[in-house]
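Below: one structure, written as structure tokens.
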Amino acid sequence: QVQLVESGGGLVHSGGSLRLSCAASGSIFSITAMGWFRQAPGKQRELVATIISGGSTNYADSVKGRFTISLDNAKNAVYLQMNSLEPEDTAVYYCNANIRRWRYSAIVEYWGQGTQVTVSS
């Protein structure tokens with residue numbers, strides 16, 4: 001089985017910073033991509049940032065210049081540094097990973113349980 005465990009959420013004032021972490025564990029042969037998504041109350045889940053194993057990144061326009069995603073291949077971990085946080089960033093943040101469990105198995109998408117980020121004005 002594979003698990004994604006997130007940490008680092010919390011309450012912060014507008015303009016503050018938080019760093020989210022997500023570690024994948026279990027039977028893993030390779031991870032092709034990891035990312036962060038978020039879901040605010042009453043809204044659909046949306047992409048925040050993704051990073052592939054080679055290091056290329058993709059960001060939502062709303063977070064460009066404020067958030068930075070990074071990957072530690074050795075630890076099967078992904079991080080999201082969030083600076084200049086705004087109340088609009090308040091949401092549950094979910095870690096996502098595309099994982100191949102064995103050499104010739106298909107790539108499967110996994111999700112973490114989510115971590116709450118609340119930004120007060």
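List of remarks:
- In segment 41-58, the residue that is most open to solvent (accessible area, probe 1.4 Å) out of those that are under 14 Å from Y93 (Cβ atoms) and within 15 Å of the chain's Cα centre (by Cα) is R45.
- Checking each residue of segment 12-32 against the condition of being more than 18 Å from E109 (Cβ to Cβ) and among the aromatic types (F, W, Y) gives no match.
- Residues in segment 76-89 that are under 19 Å from W111 (Cβ atoms) and without any contact (Cβ under 8 Å) to a residue 60 or more places away in the chain: N76, A77, V78.
- Residue pairs whose Cβ atoms lie under 6 Å apart, sitting 6 or more positions apart in sequence or on different chains, and linking a residue in segment 33-62 that is farther than 18 Å from E109 by Cα and small (G, A, S) to a partner that is open to solvent by less than 50 Å² (accessible area, probe 1.4 Å) and at pLDDT 95 or above, are A40/A91; A60/V48.
- Restricting segment 68-121 to residues that are aromatic (F, W, Y) and not in a strand (DSSP E or B), the residue that is most open to solvent (accessible area, probe 1.4 Å): Y104
- When residues of segment 18-40 are limited to those that are under 18 Å from I69 (Cβ atoms) and among the hydroxyl-bearing types (S, T, Y), the one most open to solvent (accessible area, probe 1.4 Å): T32
The values are calculated or read from the model by the stated rules, or taken from the named source; none is laboratory data. Please read all numbers here as calculations on a predicted model, not as lab measurements. As a convention, Cβ positions derive from the backbone with ideal geometry for all residues, glycine included, and neighbour counts pool all protein chains shown. Side chains included, ligands, DNA and RNA excluded: accessible areas come from the protein's heavy atoms. Shrake-Rupley method; radii C 1.70, N 1.55, O 1.52, S 1.80 Å.
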